[in-house]
Structure formats: C-alpha cells, structure tokens
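Here it is, the structure in full.
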Amino acid sequence: MDTVHDIGGRQGFGPIRWQKDRGEKPFHEEWQARGWALCMCMFAGWRGKPEIWTLDWFRHVRERIEPIDYLTRNYYDQWVQSLAATLIDNGTIALEELVPAARGANMTRHPDPSIPSAGPSAGASATECGKDPSDAPVFAMGDRVRTKMSIAASHTRLAAYVRGRIGVIEECHGPRPLADASARGVIKLEPLYTVAFDAGDLWPEAQGRRERVFVDAWESYLERT
Amino acid sequence: MRTFTALEVVMASYDSERVGHIHDELHSHLPSQSALRVKSLESLLVEKGLLKADAVDKWLDSFAEKIGPKNGARVIARSWVDAGFEATLRKDGLQAFQQLGLADVDAYELKAVFNTDEVHNLVVCTLCSCYPLRLIGMSPSWYKSNAYRARAVRDPRGVLAEFGVKLNEDIEIRVWDSTSERRYIVVPQRPAGTEGWSEDQLAKLITRDSMIGTHRDLRSGDGGA
C-alpha cells in the first residue's frame with residue numbers, strides 16, 4: 001500500500017538528529033519503555049496464532065495510522081496506537097472501553113475482495129502453500145531481475161523506490177513466509193532473495209557512485225529481464 | 001449495529017479499511033499526551049485481566065538485564081580473535097550469538113556484513129523499523145526517524161558524513177534495507193594497536209552505532225566510550 005510509511009529515497013528531509021542518542025540509552029522517557037513493553041507482552045501471547053495476529057498485520061496496522069500522525073507523532077506513541085487498533089479490531093477490547101467519547105461509526109468487517117482468503121476464515125486455515133516449498137527457486141545467484149511495478153493495495157515489502165528497477169540476485173534464501181500473505185493471516189512460503197541494486201540504477205543523481213542498495217525480495221516481486 | 005464491542009472469539013479481521021477507521025476514531029478521541037495513552041491502554045488491559053499488573057515491569061527488567069549492544073560487541077570481539085568463530089558469524093549470524101548463549105532459537109535470521117578497507121556497510125529499514133533488537137537491544141531513535149529512513153538509501157555518503165564518517169569516493173558503500181524478517185549487523189574492522197588485547201577489552205571498543213554502520217573507525221584509545 002502506498003502510504004507515507006514507504007519513505008525510502010523521499011527527499012526534503014533535514015539532518016539526522018543523532019546527538020541525543022549518543023549515550024546508548026534505549027528510551028528517552030519512561031512511557032516509551034512502557035508502551036513498547038506493553039506491545040511485546042501482548043505479542044508474546046499472540047505469536048504463532050495467525051487467526052489473532054501476525055507481525056506483518058501489525059506492521060500494516062501501523063501503516064494505516066493517519067499520515068499526519070505517522071509523520072509527526074513519536075515512534076512509540078504510534079506503536080501504542082497501533083496496539084490499541086489491533087486490540088479493538090480483533091475484539092479483545094471495545095473502542096468505547098478505551099475512549100468512551102467515541103461514537104463507533106459503522107465498523108462492520110469488510111475484507112478486501114481482491115484478497116481471496118482474507119477475513120476470519122483465513123486465520124483458521126493458517127497455511128496456504130501456493131508453491132511447494134521444496135520447489136526449486138526460479139532465480140539463481142547472479143541473475144538479473146526486474147522488480148514488479150504494480151503491487152497489491154494491501155501490505156507489501158516491495159518498497160516504492162525499488163519498483164520496476166533492475167538488480168542482481170545476491171543471495172537465495174529458500175522459502176520464507178511471504179509478508180504480503182502474512183499480513184492477512186495466511187502463512188504462504190515463497191523463495192526469498194537478496195537483490196543488489198546499483199545506486200545509479202535507482203537515483204538519477206547517483207550515476208557512477210560506488211554505492212549499492214540491497215533489499216530482500218520474495219519471488220513474486222521479481223521477473224526476468 | 002454496534003460494532004466495536006468485545007467479541008466472544010478474538011480474531012483479527014485482516015481488513016485494512018476497518019483499521020483505517022479505527023485509527024480515525026483513535027486519532028479523534030485518544031488523549032493527545034502520549035504518556036496518558038499508554039497508561040489508559042495498560043490500565044484497561046490489567047483491569048480486564050488480560051495483562052498481569054506487573055507484566056510490563058517484569059518484561060522491561062528482564063530485557064534490560066539480558067539484551068543490549070554489549071551482546072553484539074561480545075560476538076564481534078570473539079570473531080576478531082577466533083577465525084573459526086568468524087566463519088560461523090559470516091555463515092550464520094544467529095548461530096554465532098547462540099554459541100555464546102546470547103540468543104533464543106527463535107530470534108531472527110541474522111546476516112553479518114563485514115567492513116573492509118574498501119567496503120563500508122550501513123543498515124536501515126525504510127519501511128518500518130526492523131532491527132536485531134532481540135539480539136543487540138533497542139535501536140536508537142534516529143534509526144527510526146523519517147529522515148534516516150528516507151535518506152540512508154539515497155544519500156548514504158552524506159548521511160555518514162553527518163555522523164562524522166567521511167569516506168573517500170573509492171570506498172564502496174553497501175546499504176542493507178531490512179525488508180524481510182532477516183536482520184543485519186555490521187561487523188566493524190578491528191582497530192590497529194589492539195594486538196594481544198583480551199576479548200573483553202576489545203568488546204569495550206565496539207559501539208552500538210558501529211553495528212549499524214554510522215560509526216566506522218573504532219580506536220584503541222577510545223576504551224569503549
């Protein structure tokens with residue numbers, strides 16, 4: 001989904017304010033530690049239960065934060081809001097319990113019709129093997145590949161800045177759960193690769209620079225050149 | 001129809017639009033102060049018996065005690081003095097952590113990328129905030145910042161210069177964007193003048209930022225500051 005979270009290569013950002021983190025202190029304020037630990041405690045009870053939660057679903061829930069909040073609210077604050085949204089969505093808590101002032105507009109579940117097995121039934125049959133995991137991967141080290149241009153409207157890990165670009169397979173990792181499917185509660189194994197891109201093939205100003213960017217990409221993100 | 005009431009069966013909808021609406025409600029009705037948001041969610045979960053009152057504190061204590069950058073430093077220091085261990089680290093980063101008793105079996109796949117005189121490595125997650133935190137603790141807040149995520153893949157040399165790492169143009173920069181469940185750790189070069197040092201002495205030189213790639217030249221005189 002093309003929301004503001006997909007930020008790699010966006011221009012106009014100023015300097016990186018690293019000085020305040022010099023001391024390796026993990027959190028700046030106590031509520032940040034608590035908010036994060038709260039997420040970890042809840043996740044611990046959900047791991048391995050795709051009918052309730054997957055990490056990719058949680059990532060997508062964070063991606064759905066209002067763009068203005070995504071860009072301006074503190075990172076841990078976003079986690080807490082995403083946890084709240086996750087808990088409300090899966091029925092652990094009710095919206096009105098957390099925010100009594102909320103009206104709870106019509107919030108029936110409308111699974112994306114473009115996703116065949118989305119919805120509560122998806123989690124119940126947790127594993128879907130689009131491809132036998134023992135199948136040989138389509139690409140090999142050194143192959144030139146092009147990343148796809150179009151992506152689904154839901155969660156994906158194919159970042160905008162590497163779409164439609166030519167790269168080289170750096171490493172083959174074998175079958176791993178496809179993030180796009182995990183984000184809808186379906187564990188679908190697909191070969192994963194690391195793909196190397198020359199900076200000059202990604203950015204107009206980077207011609208001739210000795211820089212490469214490596215991304216992990218599932219097989220369905222890639223096609224032969 | 002009332003909709004956000006707690007369900008008998010907890011089950012994610014995997015419905016992107018639905019969580020979009022929930023975020024909209026939360027945006028409008030949650031208290032604006034972050035600490036208050038955390039407190040109200042934690043209190044509600046405790047009140048409903050979904051979280052033990054001391055769970056968050058216990059989790060934080062155990063995390064702080066066991067996990068932090070020093071674990072990564074121990075692994076890297078060992079790899080500097082033990083060629084067999086270095087080979088393990090190159091092949092399977094998680095196994096290297098496990099050999100020193102510093103990782104659970106279900107932590108992530110970890111790829112160690114090694115700096116050399118000709119190559120410098122830098123780690124980022126442009127799409128969210130992936131980081132080997134179960135192995136080396138929390139990432140610094142700049143790592144999760146919009147500016148770092150946007151710029152690291154496009155202007156790594158400029159970003160590094162801001163951190164005080166000035167690289168000649170003939171040094172290749174490899175940027176690793178963490179787009180799958182695999183994680184990356186940078187292995188800095190062992191500084192000159194540390195011949196005969198113990199592992200513990202060496203480990204003190206290795207900073208958190210050097211494991212991300214925003215610190216390059218470790219110096220024997222720094223003594224791990």
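Take region B:213-225 and flag every residue that is farther than 18 Å from B:A152 by Cα, open to solvent by less than 60 Å² (accessible area, probe 1.4 Å) and either within 13 Å of chain A (Cβ to nearest Cβ) or part of a loop (DSSP other than H, G, I, E, B) (or both).
Of everything in region B:213-225, those that are farther than 18 Å from B:A152 by Cα, open to solvent by less than 60 Å² (accessible area, probe 1.4 Å) and either within 13 Å of chain A (Cβ to nearest Cβ) or part of a loop (DSSP other than H, G, I, E, B) (or both) turn out to be B:L218, B:G223, B:G224.
Do we have A:D180 as within 19 Å of A:D2 (Cβ to Cβ), touching an Asp or Glu at 6+ places or on another chain (Cβ under 9 Å) and among the charged types (D, E, K, R) here?
yes
Here is a check on your reading of the model: is B:Y131 under 11 Å from the mean Cα position of the chain (by Cα) and more than 9 Å from chain A (Cβ to nearest Cβ)?
yes
Continuing with the same structure: Looking only at residues in region B:182-212 that are out of contact with any helix residue (DSSP H, G or I) (no Cβ under 8 Å at 6 or more places or on another chain) and within 30 Å of A:L55 (Cβ to Cβ), which one is surrounded by the fewest Cβ atoms within 10 Å (Cβ to Cβ)?
Out of the qualifying residues, it is B:R182.
Please count how many residues of region B:114-138 are touching a residue at least 60 places away in the same chain (Cβ under 8 Å), farther than 28 Å from A:M40 by Cα and touching a Lys or Arg at 6+ places or on another chain (Cβ under 9 Å).
Number of matching residues: 4.
Would you check if there is a residue in region A:83-94 being more than 7 Å from every other protein chain (Cβ to nearest Cβ), closer than 30 Å to B:A161 by Cβ and open to solvent by less than 50 Å² (accessible area, probe 1.4 Å)?
Checked against the condition, which is being more than 7 Å from every other protein chain (Cβ to nearest Cβ), closer than 30 Å to B:A161 by Cβ and open to solvent by less than 50 Å² (accessible area, probe 1.4 Å), region A:83-94 yields no hits at all.
Moving on. Please count how many residues of region B:48-70 are in contact with a helix residue (DSSP H, G or I) (Cβ under 6 Å, 6 or more places away or on another chain), farther than 16 Å from A:C39 by Cβ and assigned to a helix (DSSP H, G or I).
The total comes to 1.
Does A:G9 qualify as being more than 7 Å from chain B (Cβ to nearest Cβ), surrounded by fewer than 22 Cβ atoms within 10 Å (Cβ to Cβ) and not charged (D, E, K, R)?
Spelling it out, it is not the case that A:G9 is more than 7 Å from chain B (Cβ to nearest Cβ), surrounded by fewer than 22 Cβ atoms within 10 Å (Cβ to Cβ) and not charged (D, E, K, R).
Quick check on region B:152-164: of everything there that is more than 20 Å from the chain's Cα centre (by Cα) and open to solvent by less than 50 Å² (accessible area, probe 1.4 Å), which residue is farthest from A:E211 (Cα to Cα)?
B:A161
Let's see how each residue does on (1) open to solvent by 10 Å² or more (accessible area, probe 1.4 Å); (2) more than 9 Å from chain B (Cβ to nearest Cβ); (3) in contact with a Leu (Cβ under 8 Å, 6 or more places away or on another chain):
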position: A:T147; (1), (2), (3): no, yes, yes
position: A:I187; (1), (2), (3): yes, yes, no
position: A:A199; (1), (2), (3): no, no, no
position: A:Q207; (1), (2), (3): yes, yes, no
position: A:T225; (1), (2), (3): yes, yes, no
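Do any helices (runs of 4 or more DSSP H) entirely within region A:1-112 hold 3 or more residues that are in contact (Cβ under 8 Å) with a residue 24 or more places away in the chain, and if so, which?
Result: A:30-46, A:55-63, A:67-72, A:75-89.
To keep it simple, each residue is scored yes or no on (1) open to solvent by less than 30 Å² (accessible area, probe 1.4 Å); (2) within 18 Å of the chain's Cα centre (by Cα).
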{"site": "B:A53", "(1), (2)": "no, no"}
{"site": "B:F63", "(1), (2)": "yes, yes"}
{"site": "B:G68", "(1), (2)": "yes, yes"}
{"site": "B:S79", "(1), (2)": "yes, no"}
{"site": "B:E86", "(1), (2)": "no, no"}
{"site": "B:K91", "(1), (2)": "no, no"}
{"site": "B:G101", "(1), (2)": "no, no"}
{"site": "B:A112", "(1), (2)": "yes, yes"}
{"site": "B:L122", "(1), (2)": "yes, yes"}
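In the list A:R157, A:R209, which residue meets the criterion of being part of a loop (DSSP other than H, G, I, E, B) and within 21 Å of the chain's Cα centre (by Cα)?
A:R157
The values are calculated or read from the model by the stated rules, or taken from the named source; none is laboratory data. Values in this document were obtained by computation on a predicted structure and should not be read as measured data. Glycine also receives a Cβ, built like all others from the backbone with ideal geometry; neighbour counts cover every protein chain displayed. These area figures cover heavy atoms from the full protein model, side chains too; ligands, DNA and RNA do not enter into them. Shrake-Rupley method; radii C 1.70, N 1.55, O 1.52, S 1.80 Å.
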